[in-house]
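J.: Structure incoming, see below.
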Amino acid sequence: MHNQAIAALGVDYVYVPFPIQAADLAIALQGLAAIGVQGFSVTIPHKQAIVPLLSTVTELAQAVGAVNTVWWNGSGWSGTNTDVAGFLAPLHPLARDWRTTKVVILGNGGAARAVVAGCCQLGVAAIQVVGRQPDKLAQFQHSWQAVPWSLPLTVHPWETLPDLVAQADLLVNTTPIGMTPHPGQSPLTEAIAARIPPTAIAYDLIYTPQQTRFLQQAQTQGATAIGGLEMLVQQGAVALEQWLNQPVPIATMRQALLEALSARIPKKA
Ligand code: NAP
């Protein structure tokens, strides 16, 4: 999607993947600087490890604890996290009073961190993170202690899900449950899904398939459904804008991503 946008803009750049071993990350950064690279994306497993290697890191990326976008600032590498802006993009057009919104987040991994930061930017009333491992949940809560903004965050065991779902205004799935190759699965049992309020927004970060079982369950209750594809497009667009320092054609990027994903889906015999 980046290269399609670059072609549409007619600028002289190219976006290419470089698999880099964890032990080689520091030297890879030196090499990328030496050959004049403008910027790059960072993905698993380097999103956290790269932070101490950068000369500046935005407050947002520090809070999230992960960098996914890096650019050359003239004397070193700067990093930020565009997943937060990507997550927020499909929510902004919705007419909601975010200050009274209760958010329930399923899962407490890397993507949940961007969702928490995004919900803080919206100024929501409550953020309830639900996970299956008490020690990881406690670590998750602790990791936000130094954040310089108000954070109405509480963590909850998976068993409390029925009551939390029934009170959710924004319900976000950050677990991989229901992702290809298991599209029939959902983090919610049918009984719990039946408690989704019809006024709620259900947001699944999964982008393949685009219509997950979780989103189908929410729509059956009358809720508004948002899939993960737009977040993926928008985080990429924000990164490309940072590197090129100009607006980028988001529709071109969305179309390129849709084509790439449909080419990956195995055809039925
Ligand atoms: P991650 O760091 O591995 O976190 C996954 C979370 O899901 C963990 O809290 C994990 O719990 C929980 N989980 C997994 N299986 C579970 C189960 N059976 N029951 C309950 N909880 C379960 O992964 P991630 O990087 O956050 O990514 C999560 C999902 O978001 C993936 O589907 C990814 O494709 C999607 N994503 C989408 C975008 C986008 O742009 N749309 C961006 C980032 C991620 P434990 O820690 O207990 O295992």
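The values are calculated or read from the model by the stated rules, or taken from the named source; none is laboratory data. Quick caveat, the model's predicted, so the values are computed rather than measured. Using ideal geometry, Cβ is built from the backbone for each residue, glycine included, and neighbour counts are taken over all protein chains shown. Protein only, heavy atoms only, side chains kept; ligands, DNA and RNA dropped before computing areas. Shrake-Rupley method; radii C 1.70, N 1.55, O 1.52, S 1.80 Å.
J.: Residues in the range 65-93 that are among the hydrophobic types (A, V, I, L, M, F, W, C) and at pLDDT below 95: how many?
T.: 1
J.: Look through Ala125, Ala112, Ala117 and report the one residue that is of a type in the set (A, V, I, L, M), closer than 25 Å to Pro187 by Cα and near the ligand (Cβ under 8 Å from one of its atoms).
T.: Going through Ala125, Ala112, Ala117 in turn, just one is of a type in the set (A, V, I, L, M), closer than 25 Å to Pro187 by Cα and near the ligand (Cβ under 8 Å from one of its atoms): Ala112.
J.: Related question: Which one of these is among the hydroxyl-bearing types (Ser, Thr, Tyr) and either touching a strand residue (DSSP E or B) at 6+ places or on another chain (Cβ under 8 Å) or more than 14 Å from the ligand (Cβ to nearest atom) (or both): Ser150, Ser143?
T.: So the residue among Ser150, Ser143 that is among the hydroxyl-bearing types (Ser, Thr, Tyr) and either touching a strand residue (DSSP E or B) at 6+ places or on another chain (Cβ under 8 Å) or more than 14 Å from the ligand (Cβ to nearest atom) (or both) is Ser150.
J.: Can we say Thr180 is closer than 21 Å to Asn68 by Cβ, within 15 Å of the ligand (Cβ to nearest atom) and open to solvent by 10 Å² or more (accessible area, probe 1.4 Å)?
T.: no
J.: Considering the range 72-84 alone, what residues qualify as being surrounded by 23 or more Cβ atoms within 10 Å (Cβ to Cβ) and outside any strand (DSSP E or B)?
T.: Passing the criteria: Asn81, Thr82, Asp83, Val84.
J.: Which of the following residues is hydrophobic (A, V, I, L, M, F, W, C) and either at pLDDT 95 or above or open to solvent by 50 Å² or more (accessible area, probe 1.4 Å) (or both): Ala111, Ala146?
T.: So the residue among Ala111, Ala146 that is hydrophobic (A, V, I, L, M, F, W, C) and either at pLDDT 95 or above or open to solvent by 50 Å² or more (accessible area, probe 1.4 Å) (or both) is Ala146.
One line per residue, one yes/no per condition, for (1) more than 15 Å from the ligand (Cβ to nearest atom); (2) open to solvent by less than 50 Å² (accessible area, probe 1.4 Å); (3) assigned to a loop (DSSP other than H, G, I, E, B):
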{"site": "Gln30", "(1), (2), (3)": "yes, no, no"}
{"site": "Gln48", "(1), (2), (3)": "no, no, yes"}
{"site": "Pro52", "(1), (2), (3)": "yes, no, no"}
{"site": "Ala61", "(1), (2), (3)": "no, yes, no"}
{"site": "Ala66", "(1), (2), (3)": "no, yes, yes"}
{"site": "Val70", "(1), (2), (3)": "yes, yes, no"}
{"site": "Phe87", "(1), (2), (3)": "no, yes, no"}
{"site": "Pro90", "(1), (2), (3)": "no, yes, yes"}
{"site": "Pro93", "(1), (2), (3)": "yes, no, yes"}
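J.: Of these, Leu215, Leu164, Leu205, which one is closer than 18 Å to Cys119 by Cβ, out of contact with any helix residue (DSSP H, G or I) (no Cβ under 8 Å at 6 or more places or on another chain) and either within 16 Å of the ligand (Cβ to nearest atom) or open to solvent by 50 Å² or more (accessible area, probe 1.4 Å) (or both)?
T.: The match here is Leu164.
J.: Okay, moving on. Need the failing condition index for Gly236 against (1) within 12 Å of the ligand (Cβ to nearest atom); (2) open to solvent by 20 Å² or more (accessible area, probe 1.4 Å), just the number.
T.: (2)
J.: Going by the conditions given, is Pro247 of a type outside the set (S, T, N, Q), exposed (fewer than 15 other Cβ atoms within 10 Å of the Cβ) and more than 16 Å from the ligand (Cβ to nearest atom)?
T.: yes
J.: Same structure, new question: Pick out the one residue from Leu232, Leu257, Leu261 that is part of a helix (DSSP H, G or I) and closer than 17 Å to Leu88 by Cβ.
T.: After ruling out the rest, the residue left standing is Leu232.
J.: Would you check which residues across the range 32-45 are crowded, with 20+ Cβ neighbours inside 10 Å and not in a strand (DSSP E or B) and list them?
T.: Passing the criteria: only Val42.
J.: Tally up the residues in the range 11-27 that are part of a loop (DSSP other than H, G, I, E, B) and closer than 15 Å to Trp77 by Cβ, please.
T.: 2
J.: Failed condition for Pro247, given (1) at pLDDT 95 or above; (2) under 29 Å from Leu9 (Cα atoms); (3) not in a loop (DSSP other than H, G, I, E, B), with all others met?
T.: Status for Pro247: all satisfied but (3).
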